[in-house]
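Some notes on the structure that comes next.
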Amino acid sequence: MRITVLNGPNLNLLGTREPDQYGTATLAEVESLVRVEADHLGIELEWRQSNHEGALIDAIHELPGRADALLLNAAGYTHTSVAIRDALAAVRIPFVEVHLSNVFAREEFRHRSLMADLAIGVIAGFGPRSYLLGLRALHASRADV
Ligand code: DQA
């Protein structure tokens, strides 16, 4: 199984960015954690991050034929991007939406996701473990189970 993990804006600053919200692990450390689990599950993993909406959309357009599923933390764009939602609807790749923080326990504007209804499911609030749980969820929902 091939899974792409796509990380949105400001996640490159993990480690120093609002540690009270996001913890102290860097994005590279989260990636290492996820790669260990991916190896364990026999998943081929691609890991990407961009601060740019268009680059995230291009990455989503590239998914068909390249990945079987997507683990998506669109970060701030989760709450604002009609264009990322449209890209997800266009390629129809199965995906799980993940967030490090519990977005529902934060500001009201974070309670709304413009993509969650297209996702298989949403995992939020477990820090870097949200990614691990998301990976396991995608693996468990693969077609051949
Ligand atoms: C986030 C939550 C978003 O509301 C925020 O804009 C982020 C990170 C998370 O992983 O908790 O950048 O997606």
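Sort 27-38, 10-21 by the packing proxy (mean of other Cβ within 10 Å over each peptide's residues), most packed first.
Numbers: 27-38: 17.1, 10-21: 13.7.
With the highest mean Cβ count within 10 Å placed first, the list reads 27-38, 10-21.
At 1.4 Å probe radius, can you tell me the per residue accessible area of segment 2-144 in Å²? Mind dumping the intermediate values first?
Values: 6940 Å² over 143 residues.
Spelled out: the 1.4 Å probe surface of segment 2-144, per residue, equals 49 Å².
What FRET efficiency do you get for Leu13 and Leu33 if R0 is 25 Å and r is their Cβ-Cβ distance, rounded to the nearest 0.05?
0.90
Report, to the nearest whole %, how much of the accessible area of segment 2-144 belongs to carbon and sulfur atoms, 1.4 Å probe, protein only. If you can, show how the numbers build up before the last one.
Working: 3550 of 6940 Å².
After summing per-atom areas, the C and S share lands at 51 percent.
If the chain between Asn51 and Glu108 were fully stretched, how many nm would it gain, using 0.36 nm times the residue separation less the Cα-Cα distance?
On the way: separation 57, 0.36 × 57 = 20.52 nm, distance 2.27 nm.
Here the segment from Asn51 to Glu108 would lengthen by 18.2 nm.
If you average the sequence gap of Cα pairs under 8 Å that are 6 or more apart and divide by the length of the chain, what percent do you get for the contact order?
Working: 243 pairs, mean separation 39.1, N = 145.
With pairs under 8 Å counted, the relative contact order is 27 percent.
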- Query: By average Cβ neighbour count within 10 Å, what is the ranking of 120-130, 48-58 from highest down?
  - Reply: 120-130, 48-58
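Between Val82 and Met1, what length in nm is gained on full extension when 0.36 nm per residue of separation is reduced by their alpha carbon distance?
Working: separation 81, 0.36 × 81 = 29.16 nm, distance 2.85 nm.
Taking Val82 through Met1 to full extension adds about 26.3 nm, to one decimal.
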- Show the residues, 5+ positions off or on another chain, whose built amide H is closer than 5 Å to the amide H of Ala69. Arg2, Thr4
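The values are calculated or read from the model by the stated rules, or taken from the named source; none is laboratory data. Quick caveat, the model's predicted, so the values are computed rather than measured. Counting neighbours? That spans all protein chains shown, and the Cβs are built from the backbone with ideal geometry, glycine included. Side chains included, ligands, DNA and RNA excluded: accessible areas come from the protein's heavy atoms. Shrake-Rupley method; radii C 1.70, N 1.55, O 1.52, S 1.80 Å.
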